[in-house]
Amino acid sequence: MTSYAPASEQEAAAIVAQAAGRSEPLRLIGGGTKAAFGRPPQDEATLSATGLTGITLYEPAEMVVAARAGTPLAEVEALLAERGQMLPFEPMDHRPLLGSTGEPTFGAVAAANNSGPRRINAGAARDSLIGVRFVNGRGQPIKSGGRVMKNVTGLDLVKLMAGSWGTLGLLTEVTFKVLPVQEQVTTLVLPSLDDATAVEALAAALGSPFELTGAAHLPGGVGGGEARTLMRVEGFSKSVDYRLGELRRLLRRYGAAHTVADEASTALWRAVRDATPLAEPREAAIWRISTAPTRGPAVTAAIGAERAARWFYDWGGGLIWLATDPADDAGAAVIRAAVKAAGSGHATLVRASETLRAAVPVFEPLPEPLMRITAGIKAAHDPAGIFNPGRMYAGV
């Protein structure tokens with residue numbers, strides 16, 4: 001298979017234009033850590049962003065950072081840490097779950113709209129993305145946004161590229177807003193709650209004025225030991241101590257809480273972020289389910305009544321990570337029926353064999369009107385259909 005690794009945006013544009021002219025399907029990749037995410041590739045060549053590296057803008061006072069798409073994410077995070085800053089949305093590292101190697105890249109964070117536990121407080125990656133440069137399917141370099149966003153049209157194009165999984169264009173540079181690292185980070189833990197009670201407690205905490213930056217529940221046996229309901233509080237030390245005290249009083253009917261701080265707290269949220277409690281056994285199929293937070297326990301109860309599964313909750317119950325046997329359709333029909341019964345949401349098959357990902361819709365099937373819009377957007381940006389064909393939806 002042919003592999004292209006352009007060293008500049010201009011070189012990338014020329015490669016894409018030539019590929020479009022001969023209708024050569026391209027698999028767009030960064031560090032390859034999420035290569036097994038999505039439907040199996042239907043390509044003839046790879047187009048890698050790994051040659052597009054380097055931080056192009058960092059303004060600590062303006063809290064803005066930009067880098068070329070192939071820049072290792074760790075390099076950007078290290079630079080931010082030196083100045084006491086961070087990416088607000090806590091991007092997931094897919095390597096523990098997918099068993100992949102390589103280095104996550106900065107552009108892939110935007111392409112996947114990669115957002116972790118802090119999303120409930122700081123928003124998704126899409127919400128912090130304020131500028132992109134990319135090459136469209138005609139081989140044209142496109143710039144939208146920058147260090148500030150001043151118009152709705154530009155904002156829409158930037159947000160459209162977030163979560164497009166390389167199906168609309170090759171990102172060459174991305175710009176994010178950043179936030180200061182917090183002085184103190186402490187996790188309040190309520191032990192031994194069942195799922196419904198835990199989500200009720202998380203809802204009470206999230207509805208209070210005491211500002212959580214993480215809200216998760218690990219049922220008993222998931223991640224080891226008894227059930228744990230986790231609430232993360234960040235900020236200046238005096239503020240954190242006050243809010244923890246108030247949360248203890250607010251939640252006292254749910255039992256005696258204890259706190260976890262420093263590296264132990266960081267490790268807890270890293271595990272939640274990367275879904276490592278479900279990483280083993282490796283043969284299990286992994287689903288990522290989004291629903292209304294208060295409906296999370298009902299969704300898992302409906303699934304658990306039909307097939308063996310293990311799960312945990314993030315985002316106050318609104319994000320469910322679920323592992324189940326890959327037999328049959330890996331539970332696709334059961335899972336999506338449970339989500340539909342909850343009234344809203346979607347389910348994404350994150351980990352499964354290539355055969356299963358070819359047979360089962362990986363992303364939530366779209367209603368026909370939305371599929372027409374999706375196909376129209378794809379055709380407008382990539383008229384020859386060469387970028388990651390079929391990765392999100394068959395035939396698109």
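The values are calculated or read from the model by the stated rules, or taken from the named source; none is laboratory data. What you are looking at is a predicted structure, and each value in this text was computed from that prediction instead of being measured. All Cβ positions, glycine included, derive from the backbone under ideal geometry; neighbour counts span all protein chains shown. What goes into the accessible areas is simple: the full protein's heavy atoms, side chains included, and nothing from ligands, DNA or RNA. Shrake-Rupley method; radii C 1.70, N 1.55, O 1.52, S 1.80 Å.
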Completion exercise
Of Arg372, Arg336, the only residue that is over 27 Å from Arg273 (Cβ atoms), basic (Lys, Arg) and either open to solvent by less than 10 Å² (accessible area, probe 1.4 Å) or modelled with pLDDT of 95 or more (or both) is Arg372
Handout entry: Residue check for Thr33: farther than 25 Å from Thr213 by Cα and part of a loop (DSSP other than H, G, I, E, B)
Key = yes
Exercise for the section: Within the stretch 11-40, count every residue that is more than 20 Å from the chain's Cα centre (by Cα) and surrounded by fewer than 19 Cβ atoms within 10 Å (Cβ to Cβ). Expected result: 9
Practice task
Sort out which residues of the stretch 242-252 are aliphatic (A, V, I, L, M) and open to solvent by 20 Å² or more (accessible area, probe 1.4 Å), and write them in order of number.
Solution key: Leu250
Problem - Close pairs (8 angstrom Cβ cut-off, 6 or more residues apart or separate chains): small (Gly, Ala, Ser) in the stretch 275-287, assigned to a helix (DSSP H, G or I) anywhere - result: Ala275/Pro96; Ala275/Leu97; Ala279/Pro96; Ala279/Leu97; Ala284/Leu278; Ala285/Leu356
Handout entry: Residue that is closer than 22 Å to Ser192 by Cβ, open to solvent by 30 Å² or more (accessible area, probe 1.4 Å) and either without any contact (Cβ under 8 Å) to a residue 40 or more places away in the chain or in contact with a Lys or Arg (Cβ under 6 Å, 6 or more places away or on another chain) (or both), where the choices are Gly221, Gly255, Gly225
Key = Gly225
Completion exercise
Every listed condition ((1) over 22 Å from Thr71 (Cα atoms); (2) touching a Phe, Trp or Tyr at 6+ places or on another chain (Cβ under 9 Å); (3) not basic (Lys, Arg)) holds for Gly224 save (2)
Practice task
Quick one: Ala204 ticks every box in (1) in a loop (DSSP other than H, G, I, E, B); (2) open to solvent by 20 Å² or more (accessible area, probe 1.4 Å) except a single one, so which number is it?
Solution key: (1)
Practice task
Would you check which residues across the stretch 115-127 are at negative phi and open to solvent by 10 Å² or more (accessible area, probe 1.4 Å) and list them?
Solution key: Ser115, Arg118, Arg119, Ile120, Asn121, Ala122, Arg126, Asp127
Handout entry: Checklist (1) among the small types (Gly, Ala, Ser); (2) under 22 Å from Thr300 (Cα atoms); (3) outside any helix (DSSP H, G or I) applied to Ala198, failing item
Key = (3)
